[in-house]
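Have a look at the structure below before the remarks.
Taken together, the values in this text are just the output of simple stated rules run on the coordinates, not laboratory data. Not measured: the values here are computed from a predicted model. Here the Cβ positions follow ideal geometry from the backbone for every residue, glycine too, while neighbour counts run over all protein chains shown.
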Amino acid sequence: MTDARCPIRALRAALFAAVCVVLSATGHALQSAHQVPPGSLLLAFGATAALAWAASGRRRGPLSIGAGLVAVQGVLHLTFAGGQAHHHAGHGTGGSAVEVAASAASAASAVPTAGMLATHLLAGAVCALWLARGEAALFRLARTAFVPLRPPLTAVRLPAAPRPPRARPVTADRPRHGVVLAHTLSRRGPPVLAAPRATALGATSV
């Protein structure tokens with residue numbers, strides 16, 4: 001399951017629609033001996049891409065994928081057959097007889113022959129193989145082709161902006177215990193001896 005806003009989801013849907021429409025249109029043109037008009041190709045591509053984008057919203061099982069591919073091939077066959085009949089009717093100049101013939105040809109081409117049915121089933125099988133292996137192989141090839149471009153792209157980098165100096169937190173003056181001062185001045189000397197006092201003759205000193 002991929003997010004609806006993810007560009008990879010739209011890219012996967014467009015790749016699947018391109019593979020599916022190209023294979024189906026090629027087989028249909030070979031079986032009908034007529035080219036598919038460009039308008040029908042654009043219409044088929046848009047419808048297939050929209051269906052693929054909607055179906056990729058959640059994980060699908062093999063049965064639902066197979067049934068969806070068969071349904072898509074049926075819709076593509078009707079789109080191509082209708083486009084061919086309209087294209088041939090637009091180039092006719094015989095009035096109502098041409099319109100009747102074009103309508104009959106359109107009705108006949110809408111019913112697939114055995115070869116046409118086999119061609120569209122083969123195109124559906126190839127589309128299933130694309131979903132299983134081809135898509136992963138293409139993205140792996142794209143990553144491999146992008147690897148040589150990584151060193152030049154990573155080498156060119158803009159210089160980072162200089163970081164502002166970090167302000168040191170202001171701390172209050174605290175008494176520092178265990179700090180050894182490099183320069184000390186001691187003003188304390190030896191104890192001063194008391195000088196003997198002279199006393200009067202015959203007096204005893206206390």
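Things to note:
- J(HN,Hα) series, the range 62-78, from Karplus relation 6.51 cos²θ - 1.76 cosθ + 1.60, nearest Hz, glycine and proline x: x, 5, 5, 5, x, 5, x, 5, 5, 5, 5, 5, x, 5, 5, 4, 5
- Packing rank of 55-68, 116-129, where each peptide gets the mean count of other beta carbons within 10 Å, highest leading: 116-129, 55-68
- Projecting label points 7 angstrom from Cα along Cα→Cβ for residue 132 and residue 75 puts them 2.3 nm apart.
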